[in-house]
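Student: Got a structure for you, written out below as structure tokens; questions coming shortly.
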């Protein structure tokens, strides 16, 4: 089968759960330096095998078609040769079920351009940064922190990460390490179905925000002049948080119409 469009090789693969993985991919040619929070295409042909725990495809893939989707890059912006991704498997989907069947040394397509407007570098210096995530929505924030946390000591930076169980909290160890290392960084994980060993928050992201945790715990005010919000994850969560922020006067950011609330749905 034709594989000439493949231009990268799997360097490592970590299964966080059977349906969550961290994968690092070496590109044949380095990419240009990008901005933290941006994304690029990953692709595999339809003839590639699907994972052992996938389900029948809703729409069967064509064997000779290169299936491509955009994924947020986890890597720091200076990592232009090896790119890291945090991916959730859609068991009945065309691409992720094939990505989950990859092993170290396998070939894959990686886009030659890196794009996206979900960028920390566009926020004003000195403003506080709140990053709200569920699921693989944490991916761009890891890139933010790896790229910028040392550069922004004057800004309070908070990650609010929601999940059902503790194993849903991707990059938990790295985020905990950053909180213990940087005085201006705060990590707030919250679970809605935690076991008896969990001693953190036990409520959904929306309720955590409405309970004024930011104001009471970190002295961070939802004020468009002082604090920028990034919201990334499933549409329902994003919509609820956006509605809450609208009440404080936040508007959605776009390069042609700058706002204080950056949104990306997965």
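Student: Condition first: over 17 Å from the mean Cα position of the chain (by Cα), surrounded by fewer than 14 Cβ atoms within 10 Å (Cβ to Cβ) and closer than 30 Å to residue 187 by Cα. Can you find one or more residues in region 50-67 that meet it?
Tutor: no
Student: Confirm whether residue 133 is closer than 22 Å to residue 83 by Cα, assigned to a strand (DSSP E or B) and assigned by TED's automatic domain parsing to the domain that holds residue 255.
Tutor: The answer is yes for residue 133.
Student: Let me ask something else about it. In this structure, does residue 182 turn out to be over 24 Å from residue 244 (Cβ atoms), out of contact with any helix residue (DSSP H, G or I) (no Cβ under 9 Å at 6 or more places or on another chain) and modelled with pLDDT of 95 or more?
Tutor: no
Student: Please go through region 226-250 and give me each residue that is more than 29 Å from residue 87 (Cβ to Cβ) and either surrounded by 14 or more Cβ atoms within 10 Å (Cβ to Cβ) or in contact (Cβ under 8 Å) with a residue 60 or more places away in the chain (or both), ordered by number.
Tutor: 226, 227, 248, 250
Student: Further, regarding this structure: Mind telling me which of the residues 75, 97 ends up being assigned to a loop (DSSP other than H, G, I, E, B), over 15 Å from residue 159 (Cα atoms) and modelled with pLDDT of 95 or more?
Tutor: Checking each option against the conditions leaves just 75.
Student: Given the criterion under 21 Å from residue 4 (Cα atoms), free of Cβ contacts under 8 Å to residues at least 60 places away in the same chain and part of a loop (DSSP other than H, G, I, E, B), identify the matching residue among 154, 57, 62.
Tutor: 62
Student: Any idea which of 118, 47, 85 is buried (at least 20 other Cβ atoms within 10 Å of the Cβ) and in a loop (DSSP other than H, G, I, E, B)?
Tutor: 118
Student: Same structure again: Looking at this structure, is residue 259 farther than 18 Å from residue 190 by Cβ and either assigned by TED's automatic domain parsing to the domain that holds residue 186 or touching a helix residue (DSSP H, G or I) at 6+ places or on another chain (Cβ under 8 Å) (or both)?
Tutor: It is true that residue 259 is farther than 18 Å from residue 190 by Cβ and either assigned by TED's automatic domain parsing to the domain that holds residue 186 or touching a helix residue (DSSP H, G or I) at 6+ places or on another chain (Cβ under 8 Å) (or both).
The values are calculated or read from the model by the stated rules, or taken from the named source; none is laboratory data. Being a predicted model, the structure only gives us computed values, none of them experimental. Every residue, glycine among them, receives a Cβ derived from its backbone with ideal geometry; neighbour counts consider all protein chains shown.
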